[in-house]
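Asks: I'd like to ask you about the structure that follows.
The values are calculated or read from the model by the stated rules, or taken from the named source; none is laboratory data. Just so it is clear, the model here is predicted, and its values are computed rather than measured. Glycine also receives a Cβ, built like all others from the backbone with ideal geometry; neighbour counts cover every protein chain displayed.
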Amino acid sequence: MKLKIAIQKSGRLSENSLKLLKECGIEFDNGLNKLKAEAYNFPLEVFFLRDDDIPQYVEDGVADIGIVGENVLLEKNKDVKTIERLGFGKCRLSIAVPKDKKYKNNASHNT
């Protein structure tokens, strides 16, 4: 039986997810545009997916575990459980306003 893990095929978590697996000693070829790779030295399959698809793969049991941003997990609202926060993903919220509008910061709305 093989462990199946889903990670981002590209994006801000992809590089750190690959690094984590390699630091665990898992060896696999993650060739360009592959959906799936099998480890050479461990019973593991890695799925390379869009981050939005990872929670669904885990909920459906296609993947046993996944590495995805907590924001995606909350947005998708799937029946999955967070086991460990890995600490390598950061998210930033930006607010855009038209140039001709005057911006009032959040502090002015708290009075």
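Asks: Please state which of the following conditions N71 fails to meet, knowing it meets all the rest: (1) assigned to a helix (DSSP H, G or I); (2) in contact with a helix residue (DSSP H, G or I) (Cβ under 7 Å, 6 or more places away or on another chain); (3) of a type outside the set (D, E, K, R); (4) surrounded by fewer than 17 Cβ atoms within 10 Å (Cβ to Cβ).
Replies: Evaluating N71 over (1) assigned to a helix (DSSP H, G or I); (2) in contact with a helix residue (DSSP H, G or I) (Cβ under 7 Å, 6 or more places away or on another chain); (3) of a type outside the set (D, E, K, R); (4) surrounded by fewer than 17 Cβ atoms within 10 Å (Cβ to Cβ) leaves (2) as the failure.
Asks: Which of the residues belonging to region 56-76 are touching a residue at least 60 places away in the same chain (Cβ under 8 Å) and more than 18 Å from L21 (Cα to Cα)? Please lay out each step first, then the result.
Replies: Keep residues of region 56-76 that are touching a residue at least 60 places away in the same chain (Cβ under 8 Å), which gives 64-68.
Matches in region 56-76: none.
Asks: From the list D53, D60, which one is exposed (fewer than 15 other Cβ atoms within 10 Å of the Cβ), at pLDDT 90 or above and either touching a Phe, Trp or Tyr at 6+ places or on another chain (Cβ under 6 Å) or closer than 22 Å to K81 by Cα (or both)?
Replies: D60
Asks: With (1) farther than 16 Å from K2 by Cβ; (2) at pLDDT below 90; (3) touching a helix residue (DSSP H, G or I) at 6+ places or on another chain (Cβ under 9 Å) as the list, and F28 as the residue in question, which single condition is left unmet?
Replies: The one condition F28 does not meet is (1).
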